[in-house]
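Take a look at the structure below.
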Amino acid sequence: MRGRPKQRDQNESKLMDAMITANRLSDGIVVFQDADGGWSEDFHRGAVFSDEGAKGAALARAEQSEADCEVVGPYAIEIESRNGHFVPKALREAIRASGPTIRRDLGKQAHGQAPSIVQHASVEISHVSL
Amino acid sequence: MYRYDEFDAAFVSARVDQFRGQVARRVSGELTEEQFRPHRLMNGLYLQLHAYMLRVAIPYGTLNSQQLRKLAEIARKYDRGYGHFTTRQNLQYNWPALKDTPDILAELASVEMHAIQTSGNCIRNVTADHFAGVAADEIADPRPYAEILRQWSSQHPEFSFLPRKFKIAVNGGPHDRAAIQAHDIGLQIVRDASGALGFTVYVGGGLGRTPFVGKKVREFLPERDLLAYCDAILRVYNLEGRRDNKFKARIKILLHETGLEGLRSAVEAEFVASDHTGLELPDAEIARIKAYFAAPPLPAREPVSARVQRRRGKDAKFADFVQSNVAPHKVTGYVVVTASLKPIGGVPGDASADQMDAVADLAEDYSSDELRVSHEQNLILPHVALDDLPAVYDRLASVGLSTPNAGLVSDIIACPGLDYCALATARSIPIAQRISERFGDGVRARNVGPLKIKISGCINACGHHHVGHIGILGLERAGEETYQITLGGSGDETASIGQITGPGFSYEKVVDAVETVVETYMTQRTGPEEAFLQTFRRVGMAPFKEALYDRSAGSDI
């Protein structure tokens with residue numbers, strides 16, 4: 001589960017840290033599965049899974065949530081540690097977790113919910129390469 | 001412009017009620033997402049990166065001020081205060097909630113608008129030349145034919161489950177402003193030797209991952225046969241088009257595999273064999289629809305305005321605006337004005353609710369209450385008296401819509417790209433912003449002259465990059481954005497697909513690469529009168545390739 005990124009033992013599973021995401025059915029807003037199995041709009045509150053078993057169980061919970069008409073299309077995203085903070089590995093997911101890079105007043109970044117490194121980069125220039 | 005009759009109003013209203021029920025059943029769990037998806041798509045509702053996206057049809061790009069004000073009101077009330085005008089003359093809202101969409105559709109219906117068939121495997125919103133009804137060189141207004149096609153294709157029982165989407169465009173003048181050869185069916189209005197109106201018919205154009213320029217299947221199709229012939233094309237496509245592979249399902253692939261003669265024979269055979277009852281257009285019906293699009297009464301005016309001349313003499317920015325954003329009108333003393341949605345460094349095609357209101361007011365005050373949306377993502381005031389031009393310009397300037405760059409290097413088409421789109425592989429808007437900042441709208445851009453840059457954030461090519469004089473395609477390679485450049489594409493009557501320069505460029509270097517291309521053109525051209533496309537067609541790829549890959553700009557690969 002969520003915690004500070006740590007050095008991996010060489011024998012430990014090679015699984016990339018993961019988080020479960022989806023879009024909320026009622027309004028389409030991007031959400032992340034939290035430690036209680038619920039959903040949060042804030043990437044920072046997303047639960048981090050470091051092994052296949054936990055990730056699989058989380059995905060199963062998410063699929064049940066989809067069946068219960070709470071979210072649409074849940075899937076796991078890869079996350080990694082940069083400068084001591086978890087961030088989505090793929091640019092697509094970084095943008096989903098933050099908002100459009102060309103409108104910092106829109107999306108999660110407008111409410112201080114963007115992954116930390118993205119927020120830091122965004123203050124430099126408007127056309128930042130994430 | 002066209003006004004709904006009782007049938008139209010009842011049909012659109014019934015669709016709103018139907019969708020309200022579908023949304024309720026989805027939210028309650030009665031419908032799964034898989035079951036609901038085709039319903040929401042047929043009503044223009046997508047699920048994108050950040051939220052739902054609603055694509056509203058603006059049939060053949062024509063609006064009045066009441067409709068634009070409604071679009072502004074919806075942006076404020078249900079979205080985030082802005083909308084995005086697209087390359088298909090639609091408007092997209094990027095943040096609507098699912099639960100609000102039935103109300104949004106009801107609001108649209110109240111001003112005779114809808115989002116029907118803006119998605120799905122059906123005949124999409126029919127597009128037209130954005131100078132329709134006003135261009136000085138127009139043969140005939142394309143909008144009555146587009147409206148006839150809209151009525152015929154809306155909820156057409158036979159063509160609602162096509163192998164893939166199907167796009168039709170109609171152009172009314174000798175200069176193709178509607179990119180008809182990039183459509184599944186492109187209709188060019190022509191007159192035959194006797195002066196009778198008809199259409200040259202192109203089939204199988206399309207962009208996406210396998211781009212083709214449309215092929216001419218009929219030199220002259222009589223006006224009355226418009227629907228019967230389109231029906232024959234659709235029937236052949238519906239039967240023969242591939243359904244086994246989504247990426248090979250468009251009619252362009254059928255044409256490619258069958259060959260032009262094969263497809264033409266099949267269409268002509270179907271046209272001859274089919275029963276035209278109810279499809280042959282009676283003269284009275286054509287006249288009835290045409291009457292809706294009759295030009296507003298425009299009293300004759302002087303061809304030259306002293307007021308405009310005086311302002312041009314003392315205001316260089318205004319003079320630039322007149323040069324690039326003002327086109328001749330068919331009535332003397334009037335002009336067609338392009339309000340640029342491409343402010344330098346801005347998001348191509350985005351308009352705030354306040355800007356929409358301002359343009360609606362201008363249409364009401366100065367343009368006989370009419371507006372057009374161009375596939376190049378700008379707004380058009382089609383009937384402006386020349387004497388009113390300074391006043392219109394000042395009001396556009398007050399809301400940031402007077403950038404004097406229509407048709408120039410900074411008038412860039414760009415799809416939403418990875419900033420919004422779930423299909424995108426790279427961002428396109430920031431590339432457009434940086435190019436626009438690099439070249440601006442002043443002396444440098446004017447020295448470069450007419451140049452169309454088009455940017456897509458994935459191979460689906462919503463940004464029409466294949467037909468850009470300079471096309472940019474954003475891709476993802478090993479987790480990084482990379483941009484492929486094509487040169488020599490064109491979406492006009494000399495349509496061509498751009499050629500790839502070579503290896504792609506990184507997000508950081510692609511703007512330098514575009515600058516290298518432009519500088520190479522400047523050194524290669526015979527003079528300012530030779531536009532980029534002409535130079536490219538004369539000298540070919542070699543000097544551009546050499547400049548891009550052998551000199552400092554350098555590819556990253």
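Each value in this text was obtained by applying a stated rule to the coordinates, not by laboratory testing. Predicted model, so just to flag it, every value in this text is computed and none were measured. Note that each Cβ is placed from the backbone with ideal geometry, even for glycine, and that neighbours are counted across all protein chains shown.
For the range B:6-109, a Kirkwood radius taken over Cα pairs fed into Stokes-Einstein (10 °C, viscosity 1.306 mPa s) yields D = 112 µm²/s. Net charge near B:Gly488, counting Lys/Arg +1 and Asp/Glu -1 over other residues with Cβ under 15 Å of its Cβ? With Lys, Arg at +1 and Asp, Glu at -1, the net is +4.
Applying a 4.7 Å Cβ-Cβ cutoff to chain B leaves B:Cys122, B:Cys230, B:Cys421, B:Cys458 as cysteine residues with no disulfide-compatible partner. A Förster radius of 30 Å combined with the Cβ-Cβ distance from B:Lys77 to B:Asp369 puts the calculated FRET efficiency at roughly 0.85.
Its alpha carbons give the range B:137-292 an Rg and a Dmax of 15.0, 46 Å. Subtracting the Cα-Cα distance of B:Leu298 and B:Ala273 from 0.36 nm times their residue separation leaves 4.4 nm of extension gain. In this structure, the amide hydrogen of A:Asp34, modeled 1.01 Å from its nitrogen in the peptide plane, lies closer than 5 angstrom to those of A:Trp39, A:Ser40, A:Ala47, counting only residues at least 5 positions away or on a different chain. Taking the Cα centre of the range B:6-109 as origin and assigning +1 to Lys and Arg Cβ atoms and -1 to Asp and Glu Cβ atoms, the resulting dipole is close to 260 debye. Taking the dipole about the Cα centre of the range A:18-122, with the C-beta of Lys and Arg at +1 and of Asp and Glu at -1, give me whichever of A:Gly28, A:Gly84, A:Gly38 is farthest to the positive side. Result: A:Gly84, furthest along the dipole toward the positive end. If you take the Cα centroid of the range A:58-122 and the Cα centroid of the range B:225-255, the two points sit 40 Å apart. Between amide H atoms placed 1.01 Å from N, distances below 5 Å from B:Arg477 occur with B:Thr482, all of them 5 or more places distant or on a separate chain. Sorted from greatest to least, the principal axis extents spanned by the alpha carbons of the range B:413-550 come out as 43, 30, 29 Å.
In a fully extended conformation the segment linking B:Lys317 and B:Glu257 would gain 16.4 nm over its present Cα-Cα distance, using 0.36 nm per residue. Would the range B:64-175 count as rounded, prolate or oblate if I go by the C-alpha gyration tensor, calling it rounded below 1.5 in a/c and otherwise prolate when a/b exceeds b/c, oblate otherwise? Oblate is the answer for the range B:64-175, as a/c is 1.5 or above yet b/c matches or exceeds a/b.
Take each residue of peptide B:50-57, count the partner chain Cβ atoms within 10 Å of its Cβ, and average: the result is 4.
By the helix-only formula, in which each DSSP H run with n ≥ 4 contributes -39500 (n - 2.57) and the sum is divided by residues, chain B has a 222 nm mean residue ellipticity of -11500 deg cm²/dmol.
Placing dummy labels 7 Å off each Cα toward the beta-carbon, the span from B:Ala284 to A:Asp68 is 6.3 nm. In a fully extended conformation the segment linking B:Thr494 and B:Asp17 would gain 167.2 nm over its present Cα-Cα distance, using 0.36 nm per residue.
Any chance you could tell me what percent of the C-alpha pair distances in chain B go past 31 Å? I get 47 percent for the Cα pairs in chain B exceeding 31 Å. Each DSSP beta bridge with both residues in the protein assembly as shown is either parallel or antiparallel, and the antiparallel ones are about 85%. The shape of the range B:232-340 can be summarised by an equivalent ellipsoid whose semi-axes, obtained from the alpha carbon gyration tensor, come to 49, 24, 11 Å from longest to shortest. Rounded to the nearest 20 debye, the dipole size of the range B:137-292 about its Cα centre is 880 debye, using +1 on the Cβ of Lys and Arg and -1 on the Cβ of Asp and Glu. Put the Cα centre of the range B:475-545 next to the Cα centre of the range B:40-62 and the gap is 32 Å. Sorted ascending by nearby beta carbons within 10 Å, beginning with the fewest, B:Leu227, B:Leu260 become B:Leu260, B:Leu227.
Each other residue within a Cβ distance under 14 Å of B:Ala291 adds +1 if Lys or Arg and -1 if Asp or Glu, for a net charge of -1. For the segment A:94-107, counting C-beta atoms of other chains within 10 Å of every residue's C-beta and taking the mean gives 6.
For chain B, the antiparallel share of DSSP beta bridges with both residues in that region comes to about 80%. Here's the list of lysines a cross-link from B:Lys99 could span, going by alpha-carbon distance under 23 Å and ignoring same-chain residues fewer than 8 apart: A:Lys108, B:Lys70, B:Lys77. Comparing Cα centroids, the range B:150-178 and the range B:1-17 end up 19 angstrom apart. In the range B:412-458, Rg over Rh equals 1.08, where Rg is the alpha-carbon radius of gyration and Rh the Kirkwood radius from pairwise Cα distances. Here the dipole of the protein assembly as shown is about 1060 debye; that uses its Cα centre as origin and unit charges on the Cβ of Lys and Arg (positive) and Asp and Glu (negative).
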